[in-house]
Amino acid sequence: MRKLPAIVRESTHFIGFTSPAARMRMRSARDGCTPASILSLMSLMACRGRGGVRVCARLGGVRAAAGPPPHAAATKLREQYEKQWRAYPSLRTPGLHSSPLARASLYAPLCAPLCAHPSPPEPRIMSADVVERFWAAVEAGDVAGVRSSVAAGVDTDAPDECCRVPLLLAVESGHAAVVQVLLGAGAHAHVEGKGGCTPLHAAAERNRVDMVHDLLRAGAHAAAADEYGRTPLHAAAEHGCVDVVSALLAAGAGVNATNGIGWTPLHAAAENGHVDALRKLIGARAHVNALDAYGRTPLLVAAGRGHAAVARELLGAGAHVNTVGGDGRTPLHAAATNGHVDLTRALLGARANVNATGADGRTPLHLASEHGHVEVVRELIGARAHVNVANRSGATPLLLAVEKGHANVLSELLRAGANASVVARDGSTPLRSAARWGDAEVVKELLRAGASVQTPDRDGATPLYEAIRAGNACVVAELLRAGASAVAV
């Protein structure tokens, strides 16, 4: 059985489990309504389901005005009710906001959008078979079938039980001819589907520039935003649809519009590596140093994905190479973490600070060493990165490389003058870490570089003790040959 809308479920729950006398006295703690307001809202829902918009206007006491079709308004009513219910926990608490006027004030904004619409012609009773054939024709791209259904009087804006809208379904299915038929029959180009997505969003992300032009000519809003704040231009930039980007910009789409996390279309193009779309946006004066909600610029976003070509375009357009994100890290930190050699070179070529430290005190060399990116380590060392710099816990790049078992990185760091006997704040040393993990070759290399075999940690444990405790016989033998004292264990 189909589930009732939330507004009806809550209302029937209240009415079905209280006596008539109680209903006259009580206010529902569950939905914040008096019995009268519940009945009014149920009447509104029932009337909109039967197409009786004039009755809705009578109930709401609002004069009809021009606007979108009543189906869209009714859908909005239900969505707004559910949002109000989630957004105001106090509505579910007995005793709070209990006056009829206070409670009614919460519902007036919900009813007004439904009531403020023109009265359509008398409701048309449509055969279920005709409606089903219409939806099947839209989805299949059957132009003749769609025309036949329209001629029979099918409402081209009415959603189905899944809240799908015919025009949006036609766009998503890629049927340009059906889109034209629906628009010609009066379908609203700016109708919203689930999540606030419009046909223009769907056409933009599918690179259907022909549909984009048709929708714009029919009155679609180029700056429409879905419930996440995403505009059609965001969608086109995200998918690298250059021609669509051009069409939307020509139609007045906001090149610096932000979505729910502060991303501009330039952020979307940068993250996905779409250089051509990026150029179009920059040419339209997109802000290359725009910050999102987390303090990230398009360059930081591109660096996180390793898009060297995008980074070069942004740098050429004036992006700040040493911009810092919310975690205190720069684009070079991101490139080093993920081992992007070409990007590292591009950033260093733009004079990125090779010794910049993040909130945790780590430099790009720390991150490249920890993750074993030996090529990036070479590039950073070549750019004069400090090989013995310690992070907030006192660990150097060498210690991090040993702890992760990156022998090739260890060799590069030692050749660059890294201190093999460094001691972290917890007393850890590179030799002690190597002894614990049982890497005999790393132990040999550290010993050749002058690592002390007797340095204990803060608990008094020596490298030999760690090797014995871990059962690493080969390492024990190497340490004893290097002069480790068995007594000091």
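Where a number appears in this text, it was derived from the coordinates with a stated rule and is not lab data. All figures in this text were calculated on a predicted structure; none of them were measured in a lab. In this analysis, Cβ positions are derived from the backbone assuming ideal geometry, glycine residues included, and neighbour counts consider all displayed protein chains.
Going from the alpha-carbon gyration tensor of the range 212-297, what semi-axes, largest first and in whole Å, does one get by taking the root of 5 times each eigenvalue? Mind showing how you got there, number by number?
Working: eigenvalues 80, 42, 20 Å².
So the equivalent ellipsoid measures 20, 14, 10 Å along its semi-axes.
Give me the net charge of residue 346's neighbourhood, meaning all other residues with Cβ under 13 Å from the Cβ of residue 346; Lys, Arg count +1, Asp, Glu -1.
Numbers: positive: 312, 345, 351; negative: 313, 342, 379.
Result for the local shell: 0.
Rg and Dmax of the range 429-489, using alpha carbons, in Å: what are they?
Computed over the Cα atoms of the range 429-489, radius of gyration and Dmax are 9.7, 26 Å.
Taking neighbour counts of Cβ atoms within 10 Å as a proxy for exposure, in what order, fewest first, do 164, 458 appear? All intermediate terms of the calculation are to be shown ahead of the outcome.
On the way: 164 16, 458 11.
So the ranking, lowest neighbour count to highest, is 458, 164.
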